[in-house]
């Protein structure tokens, strides 16, 4: 039994790959999306810190912060995730009335409109650090017995963690090359694959 030699000469264009890599790492392609990815969440955190000093009306502070975080949730879920890192997730209802969660990762190829490495770093740092800040606020509100502020912080954590969870599912599914919406996903996969979180920073 002999094996035929099916090798053929393939021209590799390393210069184009290097040029594309340099372009991806140096430029911010979507400055408006990058700005709004951080704007709403940073303004919500600053508002939370200053609201008690500026305004004694808790209801107006609550509405302002929840509105800012709702805008943040929508913009991150529907715009910045798709543009900056090529990930998106959503919920759909099938004909039987079942709720299906879909998590997608766009394959990186030459010429697609996925953001640069700098934009990806900004995306993931904003997505991970802000829920940690809100978790810190949770404990400070709890230990200082500010229970009305605690309700606001819990709502804020929910909005932030929902996006973080959705994008981590997209990232995990996209890296393994399987359709993420058909895979069974558990928290143990994060422990088995630390590159999901640490590989993005």
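Quick note: the coordinates plus some simple rules give every number you see, no bench work behind them. Since this is a predicted model, take the numbers as computed values, not measurements. Note that we place each Cβ from the backbone using ideal geometry, even for glycine, and neighbour counts take in every protein chain shown.
Subtracting the Cα-Cα distance from 0.36 nm times the residue separation, let me have the gained length for residue 162 to residue 139 in nm, one decimal.
Values: separation 23, 0.36 × 23 = 8.28 nm, distance 1.95 nm.
This chain segment gains 6.3 nm when fully extended.
For a footprinting-style exposure proxy, rank 130, 61, 170 by other Cβ within 10 Å, fewest first.
Listing 130, 61, 170 from fewest to most nearby Cβ atoms yields 61, 170, 130.
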